[in-house]
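The values are calculated or read from the model by the stated rules, or taken from the named source; none is laboratory data. Predicted model only: the values in this text are computed from it and were never measured. Virtual Cβ from ideal backbone geometry, glycine too; neighbours counted across all protein chains shown.
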Amino acid sequence: MAREIQQQSHKGDAGDGGRGGAFQSNKSPEKMESSIDVAGGPSARPAAGGNPNKLTLVPLIFLIYFEVAGGPYGSEPAVQAAGALYALLGFLIFPFIWSVPESLVTAELATAIPGNGGFVLWAARAFGPFCGSLMGTWKFLCGVINSAAFPALCVEYLAKVVPAVGDGGPRYATLAGMNLALSFLNYTGLTIVGYTAVALGAASLAPFVVMTAIAVPRIRPRRWLVRGRHNDWRLFFNTLFWNLNFWDSASTMAGEVERPERTFPTALLAAGLMTAIGYLLPLMAGIGAVDAPQEAWGGGYYADLAEMIAGRWLKYWIEVGAVLSAVGLYEAQLSSSAFQLLGMADLGLLPRAYASRAKWFRTPWVGILTSSLITLGLSFMTFNDIINSANFLYALGMLMEFAAFLWLRRKQPDLKRPYRVPLSFPFLVILCLVPSAFLLFVMAIAGWKVYALCAGMTAGGVAVYYLMDFCKSRAFLKFSDGEEAISV
């Protein structure tokens, strides 16, 4: 899905995310490393007054699914970039070299340190508060970029039915109204968002189930073996990467999950199977049933395939499904971003206001508001190089995440791990090296504009870390002291 949005150039990226600097300068990484609560601190515990709205297994499965995929929308450019055979092989093999390692690392760390903030907590525990803040910067920026794209995509599809909303003032008003409505839904709590994701997932996948079933008699397996001509490998690998990443995003909500030590590994496995099947079957059906040229497989081509396979009614159903998928993706990403900010506030990396919860729904309303306003601003823009910048920033964050995983396994072997990747340390290194090599490849193929943008964003994150540290030392803003979140 993410790649389809990238093709439409409505994905934006910027953000405030990993604002750092909440620890006093005399707080050493070593002290933090030895004292972080394995339960994740206050964000892993119910807030004052309790929070009965815990995420259960099925809603968590669909939230993870929407963090990663949200349906097969957006997988079409893989065929356009490298042909049918390589596209099918990519979505068959890539999950094993990328998605599985990332999911295993997420399952172990999210159950060992299950507080809100997820990967920020892991990096801070392994390498200290500065690295935790830097991780927050990279991941939050990626999240806001993604979120900005989804309302714009909804408006693009709505404009096909109501052309008046496709440009000018009506477009801006529709974008603002959609952002407001979707943000309010997020404000009502993770339980409602989770079950909304279940309904949206079923609705967005249903037309592909129908399309696949209708296509079966028309499938010619020889079409699966066609290789591409003039292949665009940058587009191919970016498409795979965008459609199969963000497995760790739901970890920022681990403090809201019921029995995370059991629920998280099961949910990751189920979401992984849904994602793999959800991409492969529609691709096999569309490629096998229609003899379409390679260049036709651009973003949104599934709607055209549906019309050729079953008729215009299925095309419209696919388009409606795309809008519903975009809504689900927005809700999942906004939840992840808001709870990441809450976790960072609990660590003392952001002002205490970001740990505030709504009185009725127990949601981090300041984080939701901040993320929504940034997303709203970016929704009015179009971006090109900044899309690849999101890939680059995400790759930086994942490299640090793999390093934190290995460091904690080596340096803190006695850390309680309800789920433990069943491999010895040398094999864990191999497990992380394979996807890390791909991350380095994705970073290497980025252009100079991407390097410049990412350097600027990273420098901004570093500056905010020290600004927060200064504000804390001078008592300009109120911070959690971090001891609650890191004390044993």
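Okay, here's what the table says:
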{"item": "Cross-chain or 6+ apart pairs with Cβ under 7 Å, region 88-114 first and touching a residue at least 40 places away in the same chain (Cβ under 8 Å) and under 21 Å from ALA124 (Cα atoms), then acidic (Asp, Glu) and buried (at least 23 other Cβ atoms within 10 Å of the Cβ)", "result": "GLU102/ASP248; VAL105/GLU401; THR106/ASP248"}
{"item": "Boolean, GLU307 is modelled with pLDDT under 90, surrounded by fewer than 24 Cβ atoms within 10 Å (Cβ to Cβ) and part of a helix (DSSP H, G or I)", "result": "no"}
{"item": "Output for region 413-435, where each listed residue is part of a loop (DSSP other than H, G, I, E, B) and without any contact (Cβ under 8 Å) to a residue 40 or more places away in the chain", "result": "PRO413, ASP414, PRO422, LEU423, SER424"}
{"item": "Test: residue in region 374-386 that is free of Cβ contacts under 8 Å to residues at least 24 places away in the same chain, assigned to a loop (DSSP other than H, G, I, E, B) and either in contact with a His (Cβ under 9 Å, 6 or more places away or on another chain) or more than 24 Å from ILE145 (Cβ to Cβ) (or both)", "result": "no"}
{"item": "Residue check, THR252 in contact with a Phe, Trp or Tyr (Cβ under 6 Å, 6 or more places away or on another chain), surrounded by 20 or more Cβ atoms within 10 Å (Cβ to Cβ) and farther than 30 Å from ALA289 by Cβ", "result": "yes"}
{"item": "Tally, over region 221-243, of residues that are within 25 Å of LEU273 (Cα to Cα) and either of a type in the set (Val, Ile, Thr) or not in a helix (DSSP H, G or I) (or both)", "result": "1"}
{"item": "Filter pass, PHE246 being touching a residue at least 24 places away in the same chain (Cβ under 8 Å), at positive phi and either assigned to a helix (DSSP H, G or I) or crowded, with 24+ Cβ neighbours inside 10 Å (or both)", "result": "yes"}
{"item": "Residue satisfying all of: in region 331-351; of a type outside the set (S, T, N, Q) and under 10 Å from the mean Cα position of the chain (by Cα); surrounded by the most Cβ atoms within 10 Å (Cβ to Cβ) among these", "result": "ALA332"}
{"item": "Residue pairs meeting the criteria (Cβ under 6 Å; at least 6 apart or on separate chains; first without any contact (Cβ under 8 Å) to a residue 40 or more places away in the chain, in region 125-140; second crowded, with 23+ Cβ neighbours inside 10 Å and part of a helix (DSSP H, G or I))", "result": "none"}
{"item": "All positions within region 345-373 that are of a type in the set (Ser, Thr, Tyr) and free of Cβ contacts under 8 Å to residues at least 40 places away in the same chain", "result": "TYR354, SER356"}
{"item": "Residue list for region 59-78, filter: touching a Gly at 6+ places or on another chain (Cβ under 8 Å) and assigned to a helix (DSSP H, G or I)", "result": "PRO59, LEU60, PHE62, LEU63, TYR65, PHE66, GLU76, PRO77, ALA78"}
{"item": "Residues within region 461-488 that are among the small types (Gly, Ala, Ser), buried (at least 18 other Cβ atoms within 10 Å of the Cβ) and at pLDDT 90 or above, tallied", "result": "1"}
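A quick yes/no check of all residues on (1) of a type outside the set (Phe, Trp, Tyr); (2) crowded, with 24+ Cβ neighbours inside 10 Å:
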site: GLY118; (1), (2): yes, yes
site: ALA123; (1), (2): yes, yes
site: PHE127; (1), (2): no, no
site: SER133; (1), (2): yes, yes
site: GLY143; (1), (2): yes, yes
site: LEU158; (1), (2): yes, no
site: PRO163; (1), (2): yes, no
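Table: residues versus (1) of a type in the set (A, V, I, L, M); (2) more than 20 Å from GLY83 (Cβ to Cβ).
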| site | (1), (2) |
| --- | --- |
| ASN231 | no, no |
| ARG234 | no, no |
| LEU240 | yes, no |
| THR252 | no, yes |
| GLU258 | no, yes |
| GLY286 | no, no |
| GLU295 | no, no |
